[in-house]
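K.L.:
First the structure, then my questions, so here it is.
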């Protein structure tokens, strides 16, 4: 007679409680790999030409410069921007320009 361990139920509950575990872990690994690729790309560039921002594989943006208030405003709250999604203030990947989203909602409501 085989008995199922009580910890199986607890383990499954913990995984679902924390967002499934597997997908979150995969996203974390991808983010770390892209960050490492960005750092390697910059370190392979001659020191005088390093910018610490750009794109990996001409697709994924990265921003490794110290964050500034001006850059945060430009990327997180710019109602006049062309796109809703743009590069992050710091890190690898994209972020939502909340200012543009609010402007679009106001435009729809006012129309």
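The values are calculated or read from the model by the stated rules, or taken from the named source; none is laboratory data. Note that this is a predicted model, so its numbers are computed, not measured. Methodologically, a virtual Cβ is constructed for each residue, glycine included, from the backbone with ideal geometry; neighbour enumeration extends over all protein chains shown.
K.L.:
Name, by its number, the condition in (1) surrounded by 10 or more Cβ atoms within 10 Å (Cβ to Cβ); (2) within 22 Å of the chain's Cα centre (by Cα); (3) modelled with pLDDT under 95 that does not hold for residue 13.
P.N.:
Of (1) surrounded by 10 or more Cβ atoms within 10 Å (Cβ to Cβ); (2) within 22 Å of the chain's Cα centre (by Cα); (3) modelled with pLDDT under 95, only one is false for residue 13: (2).
K.L.:
A further question on this structure: Test residue 64 against the stated conditions and say whether it is touching a strand residue (DSSP E or B) at 6+ places or on another chain (Cβ under 9 Å) and in contact (Cβ under 8 Å) with a residue 40 or more places away in the chain. Spell out the reasoning first.
P.N.:
Working: touching a strand residue (DSSP E or B) at 6+ places or on another chain (Cβ under 9 Å): yes; in contact (Cβ under 8 Å) with a residue 40 or more places away in the chain: no.
Against the criterion (touching a strand residue (DSSP E or B) at 6+ places or on another chain (Cβ under 9 Å) and in contact (Cβ under 8 Å) with a residue 40 or more places away in the chain), residue 64 does not qualify.
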